[in-house]
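Structure first, then comments.
The values are calculated or read from the model by the stated rules, or taken from the named source; none is laboratory data. These numbers were taken from a predicted model, which means no experiment stands behind them. A quick note on method: Cβ atoms are made from the backbone with ideal geometry, for glycine too, and the neighbour counts reach across all protein chains shown. Surface areas here come from the heavy atoms of the whole protein model, side chains and all, with no ligands, DNA or RNA. Shrake-Rupley method; radii C 1.70, N 1.55, O 1.52, S 1.80 Å.
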Amino acid sequence: MGRHESGRGWYGKVIGAALGVALLAGGASVWTAQAGTEAPPGAKAPAASPRTAVKAVDASIAHASDAGARGLNLTIDDGPDPRWTPQVLELLRKHKVKATFCMVGPQARAYPDLVKKVVADGHRLCDHSVSHDTGMDKKSPAYQSQQILDAERMITEASGGVRPMYYRAPGGAFTPYSRKLAADRGMRPLGWNVDSKDFERPGTATMVATVERELRNGPTILFHDAGGDRTQTVEALARLLPQLTAHGYSFGFPVR
């Protein structure tokens, strides 16, 4: 999300509460629900620690879509949220659209059932840090590492073992260090081209018009499923998904 969204009080309250929530027992296996993840029957979820073997990916910030010239990447930030994430998932199912969910670590830990639903529906996971600190590019490498790796662990545990495939810095606060750290952990740094401005709640029609206007900037679209009332977000997606499909666009995932 953009830097203009820093300083929101809800994050401190949500994260403080979430840190006290115990990890719920995992249900059915979701090992194969996300591309590139496999495990034998009965295998336990691996800990997302720096010592775990993973395949490094490109450290440059991804914007392009794997769906081709008319491909779009729908990205959903800050959740999961028990009120809004299910509504977004229902819309995505209805319109047969896949998305990338950029999750804040404590939110994932608080709502592991929703993380598993995201994966089971074929969407991809993205590490969006622990504290959503939009000034983390000014912090020490040790702080950046803690924010990225702790969130990776929380998301991986909540999903039942499916790792985030991307890392999106809060507010785009990437550093060369954070990009390399994430990429070495198999998480492609993820940017955006189209900011729906849904966090400002400017009105559904305004959000739809903003997305349509800014598509010329590139294929990766930013929306949110947490952080306040997301009624306008759900309404905007309900309009945009069939409309963009009718205009010849398809939805894929950011390149890795």
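Annotations for the structure displayed:
- Qualifying positions in the stretch 170-195 - closer than 22 Å to LEU74 by Cβ and free of Cβ contacts under 8 Å to residues at least 40 places away in the same chain: VAL194
- For the stretch 101-189, the helices (runs of 4 or more DSSP H) that sit wholly inside it and include 1 or more residues that are touching a Lys or Arg at 6+ places or on another chain (Cβ under 9 Å) and among the aliphatic types (A, V, I, L, M) are 112-120, 141-159, 176-184.
- Looking across the stretch 130-156, the residues that are of a type in the set (Gly, Ala, Ser) and farther than 28 Å from ARG93 by Cβ come down to SER131, GLY135, SER140, ALA142, SER145.
- Boolean, ASP58 is open to solvent by 50 Å² or more (accessible area, probe 1.4 Å), closer than 18 Å to HIS123 by Cβ and either in contact with a helix residue (DSSP H, G or I) (Cβ under 6 Å, 6 or more places away or on another chain) or at pLDDT 50 or above (or both): no
- Total residues in the stretch 61-74 satisfying the condition of being assigned to a loop (DSSP other than H, G, I, E, B) and either open to solvent by less than 20 Å² (accessible area, probe 1.4 Å) or in contact with a Phe, Trp or Tyr (Cβ under 7 Å, 6 or more places away or on another chain) (or both): the figure is 4.
- If the condition is being out of contact with any Asp or Glu (no Cβ under 6 Å at 6 or more places or on another chain) and closer than 18 Å to SER65 by Cα, then the stretch 83-107 contributes LEU92, LYS96, VAL97, LYS98, ALA99, THR100, PHE101.
- Test: ARG153 is closer than 27 Å to LEU237 by Cβ, in contact (Cβ under 8 Å) with a residue 60 or more places away in the chain and basic (Lys, Arg): no
- Of all residues in the stretch 241-256, those that are open to solvent by 40 Å² or more (accessible area, probe 1.4 Å) and either part of a helix (DSSP H, G or I) or within 16 Å of ASP78 (Cα to Cα) (or both) total 4.
- For the stretch 211-240, a tally of residues being within 13 Å of ASN73 (Cα to Cα), of a type in the set (Val, Ile, Thr) and part of a helix (DSSP H, G or I) returns 1.
- Residue within the stretch 208-221 that is out of contact with any Cys (no Cβ under 8 Å at 6 or more places or on another chain) and closer than 23 Å to PRO106 by Cβ present: no
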